[in-house]
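Trainee: One structure is given below, represented as structure tokens, and several questions about it will come after.
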Amino acid sequence: MDEAVRLAVDGGKVIEDSQEFAATNGFAHAELVGLCKSLATGGFITTEATSRQSLQLTKEGELVVTSGSPEAVVFGCVPAEGGIASEELDQRAGAAAKVGLSKAIQNKWLQVVKQPLSADELAAAEAAAAAAGKKKAATDRKLVQRLVGSVEDAVQAQLRAAKGGSPPPDAELAVLKKRGLLAVATVKALRVAAGPQHGNWGRKPASDLTHEMVLRGTWRDALFKPVNVDAAGVAPAGGALHPLLKVRSMFREIFLEMGFAEMPTQQYVESSFWNFDALYQPQQHPARDAHDTFFIKTPAQTRELPADYMERVRTTHEVGGEGLSDEFNSRSTGWRYDWSEDEARKNLLRTHTTAASSRTLYQIAQLAKANGGAFQPQKYFSIDRVFRNEALDATHLAEFHQVEGFVIDRNLSLGNLMGTIADFYRRLGPEFKHMKFKPTYNPYTEPSMEFHCYHEGLGKWVEVGNSGVFRPEMLRPMGFDEDVQVIAWGMSLERPTMIKYGYDNIRDLFGHRIDLGMVRKHPIVAGPEWPPRGALSSALHARPAPRAVHGCVQCNSGQPPPASGSAHRGDRGV
């Protein structure tokens, strides 16, 4: 086959149709195509894909060529004299009977007449009808008779001509197609001509210049494969950041630009004391139930808690600080219940990173006490994983990431909190231009508020975080002065990522159902940076604009007040 192809393209000749070439030389066309592709890779030949429309006989058409058309078969089964009963004709003609009789009648070759039954035949028919439960028997029968002495099978002749390469006229061709005897097929083939290496036919080109070639000088006469300098390199085998980790790194960059320091958050297993009690959350609160929290069986309780601070927390929970010195008295009535140390020592998977905030605030208070009461305003943030015993749906997971921040200073207000949150989201991009706050309740903040962003994909407002001002019942037992306030907020990492990149289901972004290919291909991680430099870069990397004194969200974010929202907070002195 190799030699036949070489001779066929030698001297400037061309193989116009590989199908015809294979049929002429007795080759399998698939094997010929494989050989041509191999030769074309070496440059010995060039190939060009071609296609053409070809008439091909169907299975029924092949049967007509060998046995005749159905109408001719039926005509041959009818005797020249007298005719034949239709039932007997069906048996003789077989599968061709129904179509053949119809076409023969249409061509006026045959006719069907009714013939009365004889007395004996009528009696037999009535008996058969009675046995079959029929009320009435047929009184005549159908007889098929010839109208002409002989016929010419034009359909068979047309198909034989088409098979030989001479298709019939368009009118007859349309009829044959309609009857399912002919079909139009696309025949794919190759046009083959001599290539640039045709003169080196049979020589295998070398892919590399070897040391041996250089020493022996054989490289001068060697044939080398061409080098494709435009070919893409092999993709690196290194890993890629998960989109959440990529976004997390950008969140961290924004916090650092805003002057925040990062809290240690490596402690997934936390005690109920730091997770709940230190935050002034009562021990009978529903969030502390097993259906909302994952408790640890082994070890079930923590051993190390600061004893003096734990006693101040106990007193604040029970009676609000009665009996404590002015340094630690929150001047509250407390929750008025019997506080349990065993409940506070229970270990759990932390439900929020606010547990890390409570530890950090306690350390700040201890450091200020060690420095003679010298207090320094500070800003901290954390981004890490938390766990909650929740039902899974499109916007909730039992394991997710929480972004948290707090600012501690003297005489902070709710306006400062709203302005800080708006400043943070302003840096994330225009996807968060629609934001609103609503009042809510938290055991350890007062006042408290949720903040929501509009999700274009879901077509609704989605809660992305919670915030508030920490209560004196949380801060005073640590040793902070009465005029020291802490504004804090927490939000998930997943929901802002969903809003910014149009995810409708959180389970497509995080969890066991995600597509691992997304980690390499998603625009979040595929590009060199996020957000892309351009429209967002100035907002992301520029210094924040001076804040309004009242901390109004509209003034701080630069967005106009909502058309149908509440009154502008700036004129209310928030």
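Trainee: For Glu341 and Lys204, calculate 0.36 nm times their separation in residues minus their Cα-Cα distance, and state this gained length in nm to one decimal.
Mentor: 40.9 nm
Trainee: For the chain, give me the percentage of DSSP beta bridges that are antiparallel, rounded to the nearest 5 percent.
Mentor: Counting DSSP beta bridges with both partners in the chain, the antiparallel share is about 95 percent.
Trainee: Now, a different point. For Gln145, put the label point 7 Å out on the Cα→Cβ axis and report which residues of the stretch 60-93 keep their amide N under 13 Å from it.
Mentor: 79-85
Trainee: Quick one: 3J(HN,Hα) in Hz for the stretch 36-51, Karplus 6.51/-1.76/1.60 with θ = phi - 60°, rounded, Gly and Pro as x.
Mentor: Karplus values, whole Hz, x for Gly and Pro: 5, 5, 5, 5, 5, 4, x, x, 6, 9, 10, 10, 9, 6, 10, 8.
Trainee: If amide H atoms are built 1.01 Å from N in the plane of the peptide, which residues on other chains or at least 5 residues away come under 5 Å of the amide H of Thr445?
Mentor: The list, which skips near neighbours in sequence, is Arg471.
Trainee: So, one more: Run the numbers on the chain and let me know its relative contact order in percent, using alpha-carbon pairs under 8 Å that are six or more apart.
Mentor: It comes to 13 percent, rounded to a whole number.
Trainee: Computed from the mean reciprocal separation of all distinct C-alpha pairs, what Kirkwood hydrodynamic radius does the stretch 1-141 have, in Å?
Mentor: Computed over the stretch 1-141, the radius equals 21.1 Å.
Trainee: Could you pull the Cα extents of the chain along its three principal axes, largest to smallest, in whole Å?
Mentor: For the chain, the Cα extents along the three principal axes come out at 131, 100, 54 Å.
Trainee: Right, another one. Quick one: Karplus J couplings for the stretch 493-508, per residue in order, coefficients 6.51, -1.76, 1.60, θ = phi - 60°, nearest Hz, x for Gly and Pro?
Mentor: Running phi through 6.51 cos²θ - 1.76 cosθ + 1.60 with θ = phi - 60° gives 7, 6, 5, x, 5, 4, 5, 5, 10, x, 6, 8, 10, 5, 6, 7 Hz.
Trainee: Kindly provide the helix-only [θ] at 222 nm of the chain, computed as the sum of -39,500 (n - 2.57) over DSSP H runs of four or more divided by all residues, to the nearest 500 deg cm²/dmol?
Mentor: -10000 deg cm²/dmol
Trainee: Say the dipole of the stretch 122-233 comes from +1 at the beta carbon of Lys and Arg and -1 at that of Asp and Glu; which of Ala222, Gly165, Leu143 then lies farthest toward its positive end?
Mentor: Leu143
Trainee: For the stretch 413-449 and the stretch 29-62, what is the separation of their Cα centres, given in Å?
Mentor: Value for the Cα centre distance between the two parts: 68 Å.
Trainee: Nearest 20 debye, what's the magnitude of the dipole of the stretch 151-234 about its Cα centre given +1 on Lys and Arg Cβ and -1 on Asp and Glu Cβ?
Mentor: With Lys and Arg at +1 and Asp and Glu at -1, about 120 debye.
Trainee: Please enumerate, by chain and number, the lysines with C-alpha under 17 Å from the C-alpha of Lys297, excluding those fewer than 8 residues away in the same chain.
Mentor: Lys346
Trainee: For the stretch 297-313, what does the Karplus curve 6.51 cos²θ - 1.76 cosθ + 1.60, with θ = phi - 60°, yield as ³J(HN,Hα) per residue in whole Hz, taken in order and with x for Gly and Pro?
Mentor: My calculation for the stretch 297-313 gives 7, 9, x, 6, 9, 8, 9, 10, 9, x, 4, 5, 5, 4, 5, 5, 5 Hz in order.
Trainee: Could you tell me the number of lysine pairs in the stretch 360-509 with C-alpha atoms less than 24 Å from each other, where the two lysines are 8 or more residues apart or belong to different chains?
Mentor: Qualifying lysine pairs in the stretch 360-509: 9.
Trainee: A follow-up question, please. Residue separation times 0.36 nm, minus the C-alpha to C-alpha distance between Ser166 and Ala130: what's the value?
Mentor: Taking 0.36 nm per residue and subtracting the Cα distance, the gain is 7.1 nm.
Trainee: Round to the nearest 0.05 the FRET efficiency obtained for Ser249 and Asp515 when R0 = 30 Å and r is the Cβ-Cβ distance.
Mentor: With a Förster radius of 30 Å, E is 0.90.
Trainee: Please report Rg over Rh for the stretch 94-248, where both radii come from the alpha carbon positions and Rh follows the Kirkwood definition.
Mentor: That ratio is 1.48, to two decimals.
Trainee: Just to compare against my own numbers: the Cα pair-distance distribution for the stretch 180-302, 10 Å bins, whole % per bin, please.
Mentor: Per 10 Å bin, starting at zero, the Cα-Cα P(r) for the stretch 180-302 comes out as 8, 15, 14, 13, 8, 10, 12, 14, 7, 0 percent.
Trainee: Continuing with this model, one more query. What FRET efficiency do you get for Ala95 and Arg216 if R0 is 60 Å and r is their Cβ-Cβ distance, rounded to the nearest 0.05?
Mentor: 0.20
Trainee: Give the residue from Leu209, Gln111, Leu279 lying farthest towards the positive end of the charge dipole for the chain; charges sit on Cβ (+1 for Lys and Arg, -1 for Asp and Glu) and the dipole is referred to the Cα centre.
Mentor: Farthest towards the positive pole: Gln111.
Trainee: For the stretch 216-267 and the stretch 284-343, write down the distance between their C-alpha centroids in whole Å.
Mentor: Here the two parts' Cα centres lie 49 Å apart.
Trainee: Hey, with R₀ at 25 Å, roughly what FRET efficiency would Glu16 and Lys37 work out to, going by the Cβ-Cβ distance, to 0.05?
Mentor: So, using R0 = 25 Å, E works out to roughly 0.90.
Trainee: Over the stretch 341-497, with every protein chain in place, what whole percent of the accessible area is carbon and sulfur at 1.4 Å, could you tell me?
Mentor: 47 percent
Trainee: Ok, one more. I'd like to check one number: the per residue accessible area of the stretch 214-340, probe 1.4 Å, reported in Å² as a whole number. Write out the running numbers ahead of the final one.
Mentor: Details: 7490 Å² over 127 residues.
Here the residues of the stretch 214-340 average 59 Å² of exposed surface.
Trainee: In nanometres, what is the gap between the two model label sites at Ala231 and Ala28, each 7 Å from Cα along Cα-to-Cβ?
Mentor: Between Ala231 and Ala28, the simple spin-label model gives 2.9 nm.
Trainee: Measure off 7 Å from each Cα along the Cα-to-Cβ vector at Ser51 and Leu122, then give the distance between these two points in nanometres to one decimal.
Mentor: Here the answer is 6.8 nm between the modelled labels.
Trainee: Assuming 0.36 nm per residue, please report the length gained on full extension of the stretch Glu482 to Glu62 beyond their Cα-Cα distance.
Mentor: That works out to 141.0 nm of additional length.
Trainee: Give me the one-decimal nm value for the distance between modelled label points at Arg191 and Val269, 7 Å along each residue's Cα-to-Cβ direction.
Mentor: Distance between the two pseudo-spin positions: 7.6 nm.
The values are calculated or read from the model by the stated rules, or taken from the named source; none is laboratory data. Here the structure is a predicted model, which means the values were calculated and not measured. A quick note on method: Cβ atoms are made from the backbone with ideal geometry, for glycine too, and the neighbour counts reach across all protein chains shown. Side chains included, ligands, DNA and RNA excluded: accessible areas come from the protein's heavy atoms. Shrake-Rupley method; radii C 1.70, N 1.55, O 1.52, S 1.80 Å.
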